[in-house]
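Take a look at the structure below.
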Amino acid sequence: MTKRTVQFKIYRYDPDKDEKPYMQDISVELEPSDKKLLDALVRLRAKDDSMSFRRSCREGVCGSDAMNINGKNGLACLTDIDSLAQPITLRPLPGLPVIRDLIVDMTQFFKQYHSIKPYLVNNDPPPERERLQSPEEREELNGLYECILCACCSTSCPSFWWNPDKFVGPAGLLAAYRFLADTRDQDTNARLDNLEDPYRLFRCHSIMNCVDVCPKGLNPTRAIGKIKDMMVRRAI
Amino acid sequence: MNVAKRTFDAVIVGAGGAGLRAALQLSEAGLKTAVLTKVFPTRSHTVAAQGGVAASLGNSTEDNWHWHMYDTVKGSDWLGDQDAIEFMCKKANEVVIELEHYGMPFDRTDNGKIYQRPFGGHSMNYGQAPVMRSCAAADRTGHAMLHALYQRNVRANTQFFVEWMALDLIRNADGDVLGVTAMEMETGEVSIFHSKATIFATGGAGRIYYSSTNAFINTGDGVGMAARAGIPLEDMEFWQFHPTGVAGAGVLITEGVRGEGGILRNASGERFMERYAPNLKDLASRDVVSRSMVTEINEGRGCGPDKDHVLLDITHLSPETIMKRLPGIREIAIQFAGVDPIKAPIPVVPTCHYQMGGIPTNYKGQVVVPKDGNPNAPVHGFYAAGECACASVHGANRLGTNSLLDLLVFGKSAGETVVEDFKAGNLSLKPLPADAADASLARIARLDSQTGGESVFDVGLEMRRTMQKHAGVFRFDALLREGVTKIAAVAERAKRTEIKDKSKVWNVARMEALELDNLIEVARATMVSAEARKESRGAHVRDDAPDTAENPNGRDDKNWLKHTLWYSEGNRLDYKPVNLKPLSDDVEPIALAKRTY
């Protein structure tokens, strides 16, 4: 890569001084080594230190720098800058209250995650060694445990936009199935009871935006389908 | 400024592996505990650990804690304290099994046990052959661990203060620790967290270097806070350069790749590690492999148009193995190196990765400082665990997978010690000094009023470049001396940083300026300690301390078998003895020997 200038249109809002949000046109010159959107944002910050966004690991495992990039949710650190049409339009994740600029209030998102009891429940006295699990049983957790809680999926889901307080959302449901699918977990019935509700699970209409945006390539829709299957099997 | 006060039995700063593990002990014991964290807990840097956590479970090859202890002492180049190392290696199975019970999705062997893979420097029968000791969840072990620990804390109802940045340690005239000041990011408000016990689990400061595997948040906050409060920092000259950071990007490629059979090659395709470490080859310890790579590059055998990296080759492994055991690495290589490792080797260079030194502690997690002739006198009310602490189990060089073990064992141990001290009535809420928040408020007020100052970005860049050039994989006397002067100059500039953003709300500029204060303490400690240590040991290798009969590998045990202690005030150095005596009679001291792999 060479030096190049990139044009941005970025959502700005600082409640401390701005009456309302606005879109800022701004450009930045990139060094040849800058490859990812996050690299460009870090350069932008050197130019304007008020540009606010979360970031940490810069390799797609911490889930901090999720944002809406040219209309689609993604992680800044995993998005190739040169793959984006300019001006690159950046907005905060949709559907959550904005704290400032690209930083959203994720309280509702985590509340839903916490609501599914995201921890293993096993009431047997712990054995001295590990609980055994065959490689095939363990395989069932692949595609589930890798979630980084970035919220790209839930905030791209129309059902979550409409009912963020009632619909668990794709991230929370993926986590719910991660525990339902774990042979070591004993809370299956309570977990299903917890989701048997017109909103919590069944507001998923398989729109599949979640699958489309997941930066880890996970498939919450499939997990939700499996939970629904478990509900049906339990009923008959 | 009005400062709110909150009162707790215990305050934990940091919610990575060590902080979360400590929090579990306290929450489950019913102590009123606050966990302060700059980022949502699952965003802490433990999440980026890949290859595994060490424990001599012996699920696939014979193993025991004696061998693990020997490897760790040898890996530390005998700078590690043998009481703490014995404690850690003995506790390994227990803490890993606990984690499995918490729900951690370890990979499995055919008979359903935790999957284990070989790792650098880990051996069976005292160095004879590689051993399978690294307990792994694919190449996402840290992610799986951090989430399992967070989830267990949700179950235990741990109280988190998320996106609160701790600013300064509060001590009274006797030196007792009474808590911290902290700033809520969303409002910019400063509060005092007044507590009977304070545990630091704030991670490392790998961001002092230009090229680092570390996250943006790894700014040594706890280490900087401790240094400013008069606590010495131990062994800060010892930094681990991980052999395999993606060239140009710095992103980590786990040693587990070599554990699964990966090979390092130079420009002519030669497996050069056979020359440097005939026995363990590519699985020699990290300091040895990194130096071998830099030597290859320096002698003109590097790869690429600029001959500035070597290649990590797994093209001989089956695609199934790569997809199953190293799926995250494949994603990283495609994302950051532009190569699919199934088809082509990954360009890699040694990259700053881990801080072996830190806040001095004992194996119980108590922070210890020299006092009245005792080199290890506990500081009342103060505990530390994980990368910010120096127990010291890693000494001059850490073995891969011992960091995740460190944070489990010592996070738990620090938590247990607090609970014991609490039950024994040794901890009380001591009165806050009237000026408890003054230092923090002054730092913020200065930033708000500074004009004509320095840019945080520029000063930070100068610091990172200076560290990279003057305190790298190989060290040279003239460069170190010059580095001490340069870092002192950078530290002066850091006192005059200016931010344009004055908002109260989620002010990243203010956070970065405050983080730079912490990084600068670490950078000063590193450079000054490194300049002073006139020998080669572990990760600290000087060209003027070569391999001789008297000083094997340049290690001078007669004069330098001792821990460095650096005090921020006056850049003062002190030293304390290494504990060569194990904790119990179960094991003989591991006798000094020349390190070869």
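The values are calculated or read from the model by the stated rules, or taken from the named source; none is laboratory data. The structure displayed is predicted, hence computed values, not measured ones. Glycine also receives a Cβ, built like all others from the backbone with ideal geometry; neighbour counts cover every protein chain displayed.
Computed values, structure above
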item	result
Any chance B:Gly328 is within 30 Å of B:Val393 (Cα to Cα), part of a helix (DSSP H, G or I) and within 14 Å of chain A (Cβ to nearest Cβ)	yes
Listing of helices (runs of 4 or more DSSP H) fully contained in the stretch A:92-200 that carry 1 or more residues being within 19 Å of A:Thr221 (Cβ to Cβ), modelled with pLDDT of 95 or more and within 12 Å of chain B (Cβ to nearest Cβ)	A:107-115, A:169-180
So B:Phe160, is it over 22 Å from B:Ala434 (Cβ atoms) and aromatic (Phe, Trp, Tyr)	yes
Restricting the stretch B:258-301 to residues that are among the acidic types (Asp, Glu) and assigned to a helix (DSSP H, G or I), the residue that is farthest from B:Lys74 (Cα to Cα)	B:Glu296
Restricting the stretch A:53-85 to residues that are among the hydroxyl-bearing types (Ser, Thr, Tyr) and either at pLDDT below 95 or out of contact with any strand residue (DSSP E or B) (no Cβ under 7 Å at 6 or more places or on another chain) (or both), the residue that is farthest from B:Gly248 (Cα to Cα)	A:Ser64
Only listed residue being within 14 Å of another protein chain (Cβ to nearest Cβ), in contact (Cβ under 8 Å) with a residue 40 or more places away in the chain, surrounded by fewer than 23 Cβ atoms within 10 Å (Cβ to Cβ) and not basic (Lys, Arg), chosen from B:Gly230, B:Gly250	B:Gly250
Exclusive hit being surrounded by fewer than 18 Cβ atoms within 10 Å (Cβ to Cβ) and touching a residue at least 40 places away in the same chain (Cβ under 8 Å), set A:Ser154, A:Ser115	A:Ser115
Complete set of residues in the stretch B:333-390 that are farther than 17 Å from B:Ala205 by Cα and among the small types (Gly, Ala, Ser)	B:Ala333, B:Ala337, B:Gly338, B:Ala344, B:Gly365, B:Gly373, B:Ala377, B:Gly381
Number of positions in the stretch B:95-123 that are surrounded by 21 or more Cβ atoms within 10 Å (Cβ to Cβ) and at positive phi	2
Test: residue in the stretch B:103-110 that is touching a strand residue (DSSP E or B) at 6+ places or on another chain (Cβ under 8 Å) and without any contact (Cβ under 8 Å) to a residue 12 or more places away in the chain	yes
Residues of the stretch B:331-358 satisfying the condition of being in a loop (DSSP other than H, G, I, E, B) and within 14 Å of chain A (Cβ to nearest Cβ)	B:Gly338, B:Val339
Top-ranked residue of the stretch B:312-325 - restricted to ones that are in a helix (DSSP H, G or I) and among the charged types (D, E, K, R), ranked as surrounded by the most Cβ atoms within 10 Å (Cβ to Cβ)	B:Arg325
From the options B:Thr401, B:Thr417, B:Thr361, B:Thr315, residue that is away from every other protein chain (no Cβ under 14 Å), at positive phi and β-branched (Val, Ile, Thr)	B:Thr401
Of all residues in the stretch B:484-516 being of a type in the set (Val, Ile, Thr) and within 8 Å of another protein chain (Cβ to nearest Cβ), the one that is nearest to A:Ser52 (Cα to Cα)	B:Val508
Meets criteria (of a type in the set (Ser, Thr, Tyr) and more than 9 Å from chain A (Cβ to nearest Cβ)) for B:Thr158	yes
Test: residue in the stretch A:14-21 that is over 20 Å from B:Ala215 (Cβ atoms), within 11 Å of chain B (Cβ to nearest Cβ), in contact (Cβ under 8 Å) with a residue 24 or more places away in the chain and surrounded by 18 or more Cβ atoms within 10 Å (Cβ to Cβ)	yes
Residue match in the stretch A:40-49 (condition: buried (at least 19 other Cβ atoms within 10 Å of the Cβ), part of a loop (DSSP other than H, G, I, E, B) and either touching a Pro at 6+ places or on another chain (Cβ under 9 Å) or more than 8 Å from chain B (Cβ to nearest Cβ) (or both))	no
Qualifying residues in the stretch A:67-91 (those that are polar (S, T, N, Q) and either surrounded by fewer than 20 Cβ atoms within 10 Å (Cβ to Cβ) or over 24 Å from B:Val251 (Cβ atoms) (or both)) - the one nearest to the other protein chains (Cβ to nearest Cβ)	A:Ser83
Subset of the stretch A:157-178 [crowded, with 24+ Cβ neighbours inside 10 Å, among the aromatic types (Phe, Trp, Tyr) and out of contact with any Gly (no Cβ under 7 Å at 6 or more places or on another chain)]	A:Phe167, A:Tyr177
For B:Ile217: the one exception among (1) touching a helix residue (DSSP H, G or I) at 6+ places or on another chain (Cβ under 7 Å); (2) more than 12 Å from chain A (Cβ to nearest Cβ); (3) under 30 Å from B:Asp438 (Cα atoms); (4) not polar (S, T, N, Q)	(2)
Candidates A:Ser52, A:Ser56, A:Ser33, A:Ser64, filtered to the one that is assigned to a loop (DSSP other than H, G, I, E, B), more than 25 Å from B:Thr37 (Cβ to Cβ) and within 11 Å of chain B (Cβ to nearest Cβ)	A:Ser33
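This table checks each residue for (1) of a type outside the set (Gly, Ala, Ser); (2) more than 20 Å from the chain's Cα centre (by Cα); (3) more than 29 Å from B:Thr109 (Cα to Cα); (4) outside any loop (DSSP other than H, G, I, E, B).
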{"site": "B:Ala10", "(1), (2), (3), (4)": "no, yes, yes, yes"}
{"site": "B:Ala18", "(1), (2), (3), (4)": "no, no, no, yes"}
{"site": "B:Arg21", "(1), (2), (3), (4)": "yes, no, no, yes"}
{"site": "B:Ser27", "(1), (2), (3), (4)": "no, yes, yes, yes"}
{"site": "B:Gly30", "(1), (2), (3), (4)": "no, yes, yes, no"}
{"site": "B:Val39", "(1), (2), (3), (4)": "yes, no, yes, no"}
{"site": "B:Thr61", "(1), (2), (3), (4)": "yes, yes, no, no"}
{"site": "B:Gly80", "(1), (2), (3), (4)": "no, no, yes, no"}
